[in-house]
Structure formats: C-alpha cells, structure tokens
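Below you'll find the structure, written out as structure tokens, and then a few comments.
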Amino acid sequence: MEILLVIIIGLLYAAGIYMMLRRSLVKLIIGLILLGNGANLLIFLLGKIVKGQPPIIASSEKMLGELYADPVPQALILTAIVISFGLQAFAIILVKRAYKVVKTDDLDEMNATDEDL
Amino acid sequence: MKTIIFKTASAYLLPLLLLFSIFILLRGHYLPGGGFVGGLMASIAFVIHSFANGIDKTKNIMTFHPGFLMPVGLLLALVSGALPLFFGDTFMTGLWMENAVPVIGKVGSALFFDTGVYLVVIGVTLTIIFTISEGL
Amino acid sequence: MLIAVISGFIFALVIPMIMGKLKGKSTIWVALLPFSIFGFFLSKLPILLAGDTIKASYQWVPSIGINLDFHLDGLSFLFVLLISGIGTLVFVYTSSYLKGHQYLDRFYAYLSMFMASMLGLVLSDNIYALFIFWELTSISSFFLIGFNNDNPDSRKSAITALAITGFGGLFLMAAMVGLGQITGTSQISALIPLTDSIQSHELYGWVLVFLFIAAFTKSAQFPFHFWLPGAMKAPTPVSTYLHSATMVKAGIYLLARFTPVLGNHEWWNSTLIIVGAITMTYAAIHALFRLDLKGILAYSTISALGILVFLIGLGTKDALLAAAVFILVHALYKATLFLVTGIIDHETGTRDIRQLGGLNKVMLPVGIAAILAAISNAGIPPSFGFVGKDLIYEATLGMGDIAWLLTGLAIITNAALLFAGFLAGIKPFVGKLPEKYQKLHLPSPAMYLPPMLLGILGILFGLAPGLIEGGIIKPVVQSITGGTPDFQLKLWHGFNLILALSAITIGSGIALYFLLKPSEGLLAKVTRFEKISPHTIINKIADAFVGLSRIWTKFFQNGYLRFYLITILSFLCILLAYRFFSGVELYLDTSKLSDVTFYEAVVVVIMATAIFFTVFSNSRLTAVASLGVVGYSFCMIFLFYSAPDLAMTQFSIDTLTVILFVLVLYNLPRYLVLPDNNDKIRDGLLALVFGGLISVLTLEVMNESVTKEISEYYAKNAYILGKGKNVVNVILVDFRGFDTIVEITVLAIAAIGVFGLLKLHLKSTEKE
C-alpha cells in the first residue's frame, strides 16, 4: 500500500507543479491546493501508517498501547488542512480582485507593477 | 436550490447540525473531534441554511455578524491560556476541576481553549463565505 | 578610556534629538566634546613623558578573541591628540561655516561618529576591534562626503570613496585574520615579540599584501589615490578633518603600528619605498596643474601621504623619526590651508585660483594664517616644516647606494609641494584685489581663529621643538622602533649638506611659483592622460560589473512567475538527482510494507483518475469537482489509516473549499486557450521528473528509522498530564496550545483580508 501512496504523492506533486506552470491564475490556485495535499500525504506517510489503531487511549487505560498511529504528524496535518483553507480562500479572492482590476488572468500580462498595464 | 423540501429540511438541519457540532467539540478531548472539526461542522450547518433560505435569513438567525466571533474566540483562548498565571503557574498550564461533570467528563481550561478555537473557526469560515457570496 | 571613545557614538545618537529644538541658536558648544576628550588625553602626558603606556581592556566577544583592548602609547597619543585637537577646531569652524544649515545636526552626528571611530581605531590593541573601527571610519566618511546628497557628483564621489576604502577594509580583515591564524593571539602588543616567527611563516607574504592594500586604499596611495580628489566634494570641514589630518592617515597609522611586527623585511621595505616614491612624485606633479584650490590641496595631500609611506618604507631610525615629525607638520599646515580655502570659498563663492588675489586687504587675519601655513609647508626656517624637511633629507641621505636617487625624488616632490602650498596659501592673498571682492568682509572669529591657531603652532614648534620632543615625538619613535630614542630636534644644524638641499628645494619651488602660471591649457594637457589613469580603468571595470549584473538580473528576474518556478525546480531536480545517482543506494524493504486491500486499491484508482481530470479538463467546473473528489479520497485514506480526526477535518474543509470555488467560479475568467504544445511538454516533463524524484525521496526516507521520542512522550503523558484521551486533540489544545493560538490568529487575519479585499472600496484609479 505504501508504494501506491508514494506514487500518489508523486502524482500530486507533478500535477501541482504542472498546474502552477500554466499561465492561468485559476490553475495556479488549483496547483497550489494539489501541492498542499501532496505535502500532507507525505507527512502522513512518513509517520508510519498503521491500520485500525487511532491515537486514542482506551477508556480503561492511561496510556496508548504498543502499536498506535503517530499522533504528531496527525496534529501537524490537521493544522495544515485548516490553515490551507484560509490560504485558499484568500488566494481565490485575490485572484478575483486582481481579475477585476487588470481584466486578465494571464500571468504573463501581470508582470509589471506600474500603472501602464 | 431553493426548493421547498430543501428549505424545510434545512430548518430542522440547522439546530441538529449545530447540536452535533457542539457534541463533537465537547467530546474532542476523549474521542475524535475537537474545536477545529466542530467549528467547521457548525459553519457547514449555517452555509446549508443560507443556501436554502438566502444569506439574509441566516444572518437574521445569527443576529450578529459572524466576524464578531473571531475576537471573542481569540480572547477566550487567550484568557484560558493566561488563567494559570493567576495561580502561579506558567502560561497554558492545564487547570482541571476536581470532579467530573456528567456527559462531558472533567472540565478544564483546555476545554475553554478548544471552545475559543471553535468560535474562531466558525467566525473565519462564515466571514469568508458570506463576504464572497455577498460580494458577487 | 572606553568612555572617551564611546562618548562620540552616544553623542552622534543624541545630537539630532536635542539639536532640533535649538534651531538657529549658536552651536559652538558642540565643540566641548572633542575639547574635553583632548583635555582628557593631554592629562596623560606625564605618563608618556615617563616612557610608560596605558592599557585598558573591556570584554566584548571573548570567545573569538574580540575585545575592546585599548592601548595608549606614543603613536596612539600623537594620533589621539591630532584627532581630538583638530576635531575641536573643526567643530568650532563648522558652527560658523554651516551656520543655519538645515541638516547641521546630522552633520555633527556624522562628525562625532567619525571622531569616535577614529579614536577607537588608533587606540585599539585588538586586531579585530581595529578592523571594526576601521570600517566605521569608512562608513562615516561615506556619509560626510555625500553630505550634500542632492548633488549627483557628491553622491558619486561618496560611493567611489566607500567602494575603494571598503574594498581595502576587506583586505584588512583578511590580513588580521591571517595574523590571528599565524600567532593565535589577537593583541597587537602581544604580536611584537613574535616578529621572527611571523616573518618566517608561509602566510607572511599574504598578510603583507593584504595589509598593504588596506593601507594604500585608505591613505590614497597609487594606484588607489583617485578617490581622494573626488572626496573633496564634501564640505570643507570634512576635507580638513578626514582627508588631510586624520582619516587618510589611518593607513599610515596602520603601517607604523605594524612596523615593529612586520617591518624590517626586504619585501616590506622595497614595496613601501616604491609605492611611496611613485605616489609622492606623481601626485606632486599633478598638483602643479590644478586650478581648483581644493584640487591642489588634495593632490598635495596625496603626495604628502606618499612621503610618509616612503619614509616608513625606508625603515631606518632617522626615517621613522622624520615620519613622526612629518605627520604632525603636515597635519598642522594642511588643516590650516584647507580651513583657509573653506573661508575663501565661503566668502567669495569660488575656488578657482585664477580669479583670486589680493584678499589680504579684506581679510588680513585669514591671510596671516595662510601665509604661516605656506611657510611651514615650504620648509622655510624658522617653521616646524623646516625641521621636518631636514629630517627627511637626513633619512634619504643615509640610504647608501640609492641615496641620491631617493634624495632627488624627495627634492622634486618637496619643490612641487612648496609650489602647491604657495598657490593655496599665498596667491589668493597677494596682488591686486579684483573689483567684485571689494565689499567682502572678515568672517566670524569662529572661522578664522582655528586656522590661525594651527598656523601659529606650526611656527612655534619650529622655534622651540623641545615643546613636543619629549611628550610626543620620542614616545612615537619609541613605539614604532621599539628602542629608546636618542636624538634631539633642532631647528638649526649649522651649514651642511642638508641645509644646501633645503635651499635648493626652496629656491626651485619659488622659481616654479613665479614661472608656472596655472591655466586651462595646462590642465587640459594633463587631463589627456586621464584615459590611461587608474581612475578611468577602475571606473570601466565598475561599469562592466554593473552591465553584467543588469544582464544577469534581466535573465533571472524576467517577471514571468513560471520561469522563476522552472529555474528553482530544475535546480532542485538536478541537486536531488545528483545525490541519488552519486552516493545513495536505493533499496526497498518490502517486508515492512502493509498489504493492499481491495477498497484501498479502489480509492487510489479513483484518486489518480480525479487528479488526471483536475489537470486535463478544459472545464473549470469539472476541475473543481475532481479536486473535491481528490479531497474526499483523502478522507478515506485517513480513515483507513487510523486518523479519524483528520478524516473529519478533511471532509469539512473539502466541502467548504468546493462551495467556495463554486461561489466564485462564475466570476472567474475561463481558462485561456493557449495552443502552445511545446510549453506543455516542457512543463509536463519537468513536473513528472520532479514528482518522480519526490516519490523516490519518500521511499528512501521511509527506510530511515524515525525517532519516536516525541510521539512516545505525548502518548505516555496525554492522559497523565493533559487529562485527555484523544492524543491529537491534547497535542493541539494543550501541549502545543501556543501554536494553536497563533494558528487561529492567522486564520482570523486571512478572513479579515478576504473581507477587506471584497468590501472595502476600490481606489479611484482602480475603478472602472
């Protein structure tokens, strides 16, 4: 299964990069999201995936048993997911606003900072 | 999307989902759940309601702008973190009540902290979504 | 002693604050600072008279040998007195010269910063502190030269000066580090006993070269001399203080300071003699053809610095004595001439030597000061300059085989310097007073008393050299040579060869003065050689540098986002690929892997398909929907692999993201149709290579054993310390609660940003 996930990570990275290299702003954002997902999965995988052992202490115990899914990457990813939502929302609105002002979403036409757009 | 069925369903769905989100928030310390997930659930509840009835109605139900929840939540989280300072502990030390409360379990400062997170998440999500749907 | 040095820096900070409130008032009180420093150091005179030195040490960064070790010996004493004494006069002078100037406070701040750095430089006994103060003088001099910052010439000169002296500073650093490496100590006074081991060390040559470059750039030696005439764009007090009396002598100080350590070696002597001789004659001859008073003085200063380097290069006791005396002689008369030039410039508005004359009739005291300085400069008895010149000839005559060559060069230089001194000091004051200057009047005493005082000192020390012999000159010679000096400064040596040489010098100099009239034609003839001068060559190199960096920048910073990405990613790919193919053995431990169940395989296939659609769909809606599918598949994976919290969060966020996209989508532009397949293939290839490398990297990292200490700590203590059983949640709200606070703050900021972007009104220029 790890092999499959590794391939998916590679795919996500490749797709993210490819989308970011397009000239459209919308594709840029989609690429960013894909890349973020890839990174999340990467962190998740590196914490050693375990089936059916969530990091939750059984009600009769005081500690986790011998085998458990690593809680640290999970906490990291949880934070990352939520933050990336904020980031995405902001990026989407930025694109929309930029589109309204400069009337283009072609990145190649957005490379000047001056008024002579 | 403003069909009658959806409208009617959403009227019952909103309190139900809100209740569920609070349940998720409270049990977070022992079982899967917590402030982040709970907050997101609650936001989804409001968003569904606004899809069915329009944003104005949803706003009427809320009676105040969701953005208001952000400072409240932040303040709550900060205060719960700062509370131990008054007891001579360092910032963010967990404080716990002696006896467990039924259903929730033991109540401690961490719960208030999580509630702060819950409020901020609702505030942020709804501000973003409402602003966008109004701004169009 | 620390306070004496630091006070200047503190003063530089404080002065702009208090000065603002005192606009328009007299600022002469500022001179109290250098004056009290002067007084403080002068009070140490008895100690130096007794042949002792003073040391003070303050810890700074002891771990790497950087300490504020101060050492007041004869050489430092001479410089300290020059810096604070001339500093006092310059401060007084400035209060009138720049009276009412808008940025007078700033000027004083720079000036005191410079003074403090200079004091630190000459007092430092630590090679690293020496370097730091050295750089500080370069920086403050940059500010002072560029003080008239609305003048492009002035800015350019400031940059040239900074580039040259900063360049030298780097070499000083190299030299100092080299010395530290050889000896393992950073104390200059501790280096002296180690002379032999330093000079036989293989790094000695390098240290020497680096030290020379540092000294030559600072003291404007050929071929780095050209920044000094440019630096004359600075206000006159700056030229007086930095570019004749103190800063340019820092290079001389450096050479003198390291003479007992590095000197008395064939390389040391011959390099210094050659460079000094070239500089002194080259600059002296240049001075003959200048029309601008400050230009004349600048070239004569370079020439005088050349003489000093030359004398240090000779290295005999006589020569070092001559150098010690000449430092003082030159500081006295050159500062006077500069100050006088400043007065002339201030009053008449010109520095063109051809237009000036007869000013004696309107400003007699200034004229007296100037003529006294010119006499000392010319070495006419009974001035102190005469004493200095005698010593120089005595030194060159004692050089054996090449004595006559060196003496000849010295005579040519001195004659030309005499000419320059007369031109600056006498010419403007004698002859007929031009019509337009009839109405000029004497400036305030704050301006003419300082040069007057210096001019009188120049004669006084000549009449009674005993005044300074014991307290200043002897300790200087002692600290340079190391031995106890046995000499007596005398004005009159009787009729001998040296007197004859002096007479020849004075005669030929005066003859030059009457024969050679400065004119445009002569200047033009000299400027024709500019094409091959070091100045032009270095300027061309600098231009080439700017051109190259412009091309370089345009190539990489071309304004297209994807080219930046491509550059970064390609570089990363090459690095990663290189590592994989060079050192790492790829292997996969299949036994550790878990099995694939049917459901998982299905999820993975769905995910891959969704990714494919996201990328290649031409419809935005399809792309967004597929993105949603990717997200939900993530949920499933998190569910399979024991991360229920993640699954729930991912599910909610995914829903919201899709809603967000759908809300905005119809207001977003359609995809551009760009039928450029070459681009697509290139990007696709890069993306695939990068994705592949990431996969390989992941596999490799999975093989590494991960330390689980942190996880174990959380797993053990979640309930005991955090009273919670959902470890992920406990980490978020308890163990790492502080991070969570920051995180929700960031979220709130993002929301406010969205709100602001949409709700706040567009600026009028952005409106449709």
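The values are calculated or read from the model by the stated rules, or taken from the named source; none is laboratory data. Values in this document were obtained by computation on a predicted structure and should not be read as measured data. Counting neighbours? That spans all protein chains shown, and the Cβs are built from the backbone with ideal geometry, glycine included. SASA here: full protein model, heavy atoms, side chains in, ligands and nucleic acids out. Shrake-Rupley method; radii C 1.70, N 1.55, O 1.52, S 1.80 Å.
Which net charge results for the neighbourhood of B:Leu25, defined as the other residues with beta-carbon distances under 14 angstrom from its beta-carbon, given Lys and Arg at +1 and Asp and Glu at -1?
-1
Would you compute, from DSSP H runs of 4+ residues alone, the mean residue ellipticity of the protein assembly as shown at 222 nm, taking -39500 (n - 2.57) per run and dividing by the full residue count, rounded to the nearest 500?
Roughly -23500 deg cm²/dmol at 222 nm, from the helical runs in the protein assembly as shown.
Please compute how much accessible surface disappears when C pairs with A, both sides summed, using a 1.4 Å probe, and round it to the nearest 100 Å².
About 8600 Å² of accessible surface is lost on pairing.
Give me the summed buried accessible area for the B-C pair, 1.4 Å probe, to the nearest 100 Å².
Interface between B and C: roughly 3600 Å².
If I take every Cα pair under 8 Å that is 6 or more residues apart in chain C, average their sequence separation and divide by the length, what percent do I get for the relative contact order?
10 percent
Could you work out the mean count of beta carbons from other protein chains within 10 Å of each residue's beta carbon in C:352-361?
Partner-chain Cβ atoms within 10 Å, mean over residues of C:352-361: 0.
What number results when the radius of gyration of the stretch C:1-157, computed over Cα atoms, is divided by 2.2 N^0.38 Å?
For the stretch C:1-157, the normalised Cα radius of gyration is 1.10.
Hey, can you grab everything whose amide H is under 5 Å from the amide H of A:Met63? Only 5+ residues off in sequence or another chain; H modelled, so Pro and N-termini drop out.
Close amide H contacts, sequence-distant or interchain: none at all.
Leaving out ligands, DNA and RNA, what percent of the accessible area of the stretch C:114-184 is carbon and sulfur, probe 1.4 Å?
Carbon and sulfur: 64 percent of the exposed surface of the stretch C:114-184.
For the protein assembly as shown, state what percent of all Cα-Cα pairs lands in each successive 20 Å bin, counting from 0 Å until the bin that includes the largest distance.
Reading the bins upward from 0: 11, 29, 20, 23, 14, 2, 0.
Using every alpha carbon pair in chain A, what percent of pairs falls into each 10 Å bin from 0 up to the bin containing the largest distance?
Reading the bins upward from 0: 12, 30, 26, 17, 10, 4, 1.
So, taking all protein chains as they sit and a 1.4 Å probe, how much accessible area belongs to C:Ile749, in Å² rounded to tens?
Accessible area of C:Ile749: about 110 Å².
Within 10 Å of each Cβ in peptide C:603-615, how many partner chain Cβ atoms are there on average? Round it to a whole number, please.
Per residue, the number of nearby Cβ atoms from other chains is 4 on average.
Leaving out ligands, DNA and RNA, what percent of the accessible area of chain A is carbon and sulfur, probe 1.4 Å?
About 62 percent, which is the carbon plus sulfur part of the accessible surface.
Keeping all protein chains in place, calculate the accessible area per residue for chain C (probe 1.4 angstrom), answer in Å².
42 Å²
Once you mark the trypsin sites (Lys or Arg not before Pro) that are in a DSSP loop and have at most 15 other Cβ atoms within 10 Å, what is the longest gap between them in chain A?
A:1-50
Out of every Cα pair in the stretch C:561-716, what percent are spaced more than 26 Å from each other?
Pairs farther apart than 26 Å: 49 percent.
Give the peptides C:119-126, C:340-347, B:55-62 in descending order of average Cβ contacts within 10 Å, highest first.
Descending packing order for the listed peptides: C:119-126, C:340-347, B:55-62.
Looking at chain C, which longest stretch skips every one of the chymotrypsin sites (Phe, Trp or Tyr not before Pro) that is in a DSSP loop with at most 12 other Cβ atoms within 10 Å, leaving the sites themselves out?
Answer from the scan: C:1-491.
What total accessible area, in Å², is buried where chains B and A meet, using a 1.4 Å probe and rounding to the nearest 100?
By this definition, chains B and A bury close to 700 Å².
Taking only the alpha carbons of the stretch C:23-82, what extent do you get along each of the three principal axes, in Å, biggest first?
48, 34, 14
Report, largest value first, the span of the C-alpha coordinates of the stretch C:269-518 along each principal axis, in whole Å.
Result, largest extent first: 57, 34, 32 Å.
Just to be sure I follow: if Rg is taken over the C-alpha atoms of chain C and Rh is the Kirkwood radius over the same atoms, what is Rg/Rh?
The Rg/Rh ratio comes out at 1.16.
Using the structure shown, select from B:Lys59/C:Lys723; C:Lys218/C:Lys334; C:Lys99/C:Lys439 the pairs with a Cα to Cα distance greater than 28 angstrom.
Pairs exceeding the cut-off: B:Lys59/C:Lys723.
Check C:Asp69: other-chain or 5+ apart residues with amide H under 5 Å from its amide H, H built from backbone geometry?
Hits under the 5 Å cutoff: C:Tyr58, C:Asp125, C:Asn126.
Over the whole of A:24-31, what's the average partner chain Cβ count within 10 Å per residue? Rounded to a whole number, please.
What the average comes to for A:24-31 is 6.
Tally up the carbon and sulfur contribution to the accessible surface of the stretch C:561-716 as a whole percent, 1.4 Å probe, everything protein left in place.
Carbon and sulfur atoms account for 69 percent of the accessible area of the stretch C:561-716.
Taking only C-alpha pairs under 8 Å that are 6+ residues apart, what is the relative contact order of the stretch B:2-90 in percent?
25 percent
Between rounded, prolate and oblate, where does the stretch C:330-473 land on the alpha carbon gyration tensor, with a ≥ b ≥ c its root eigenvalues, rounded for a/c under 1.5, else prolate if a/b exceeds b/c?
oblate
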